[in-house]
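The values are calculated or read from the model by the stated rules, or taken from the named source; none is laboratory data. The shown structure was predicted, so the numbers you read here are calculated from the model rather than taken from an experiment. Backbone-built Cβ (ideal geometry, glycine too); neighbour counts: all protein chains shown.
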Amino acid sequence: MLINKLKNKNESPEDIIENLIYAYQNSRETYVENKRVFRGRSHSVSGIFEDLFADYLSKNLPDSNQYFVDQQLFSSAANIRFFPDILIMNDKISRDIIDLKLDFGWSRNDVFSFCDTWNKKIDKLKGTSFTFNDGITKEKKNGFFSDNLKYHVVVSTKLNNGSNFIEIKNKVTKNLEHVELYILTDKVHPNDYNSTAEERVKNIHICMSEFSRLMNNLS
């Protein structure tokens, strides 16, 4: 049955990866306890990953930051409307946007093109103001994008992204001024169907250097 109980405090790279693995595991089950109700496709995990990652960031970055998850934004100056997975704001200014990917799947051949498109969008968005409505109260609010705005594409696993994913990551770093690409895990997919959740937690390789690079770039 789907639950929102974390397996741990969600404070370290090991914590969030364990929570992601169990989120995948729980997504295979029905939301209700009924022996005559069966689920074929799993529930979506992408929204859960967004919440988990925002929570993880909040526990490792300054307390003055705010984290807006899947919040529609509109910049009239750039004429761009979009839903960033995580927008980090501090005193109404955002200099970092997080785009979370469980994996690129069918889009694995278009990873660099995807990043290049966002590099061009960020070039238009930086230094502009934006508006959004509070997700609960619907109150209209305002914010500003920093002149140093960065777009961080964070991928949960190296697997299912093509054999040349590392080369693409390096190409993004070398050629795109406003975009960074990160890989969080390797060796075992967090949603591997040929192993138990416990086995995945034990055998997955966490790319600690990538976590460190991300946190350094966000600090």
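Some notes on this structure:
- Some residue of the range 75-89 being touching a Leu at 6+ places or on another chain (Cβ under 9 Å) and within 21 Å of Asn175 (Cβ to Cβ): no
- Residue check, Gly135 within 23 Å of Tyr56 (Cβ to Cβ), loosely packed, with under 14 Cβ neighbours inside 10 Å, in contact (Cβ under 8 Å) with a residue 12 or more places away in the chain and out of contact with any Pro (no Cβ under 8 Å at 6 or more places or on another chain): yes
- The one condition in (1) outside any loop (DSSP other than H, G, I, E, B); (2) in contact with a Gly (Cβ under 9 Å, 6 or more places away or on another chain) that Leu181 fails to fulfil: (2)
- Checked against (1) touching a Lys or Arg at 6+ places or on another chain (Cβ under 6 Å); (2) more than 22 Å from Leu125 (Cα to Cα); (3) not small (Gly, Ala, Ser), Phe74 passes all but a single condition, namely (2).
- Considering the conditions (1) assigned to a strand (DSSP E or B); (2) in contact with a strand residue (DSSP E or B) (Cβ under 8 Å, 6 or more places away or on another chain), Asp147 is excluded by exactly one of them, (2).
- Residue pairs meeting the criteria (Cβ under 8 Å; at least 6 apart or on separate chains; first farther than 14 Å from Ile98 by Cβ, in the range 177-192; second part of a strand (DSSP E or B)): Ile183/Val155; Thr185/His205; Thr185/Ile206; Asp186/His205; Lys187/His205; Val188/His205
- The residue that is surrounded by the most Cβ atoms within 10 Å (Cβ to Cβ), among those in the range 101-132 that are touching a residue at least 24 places away in the same chain (Cβ under 8 Å) and among the charged types (D, E, K, R), is Lys101.
- The range 143-172 - residue that is surrounded by fewer than 13 Cβ atoms within 10 Å (Cβ to Cβ) and at pLDDT 95 or above and, of those, nearest to Phe49 (Cα to Cα): Asn148
- Just one residue in the set Asp55, Asp103, Asp99, Asp85 is within 25 Å of Tyr24 (Cβ to Cβ) and touching a Ser or Thr at 6+ places or on another chain (Cβ under 6 Å); that residue is Asp103.
Okay, residues lined up against (1) crowded, with 19+ Cβ neighbours inside 10 Å; (2) of a type outside the set (D, E, K, R); (3) under 16 Å from Ile97 (Cα atoms); (4) touching a residue at least 24 places away in the same chain (Cβ under 8 Å):
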| site | (1), (2), (3), (4) |
| --- | --- |
| Glu29 | no, no, no, yes |
| Val32 | no, yes, no, yes |
| Arg36 | no, no, no, no |
| Arg39 | no, no, no, no |
| Phe49 | yes, yes, yes, yes |
| Ser64 | no, yes, no, yes |
| Ser75 | yes, yes, yes, yes |
| Ile80 | no, yes, yes, yes |
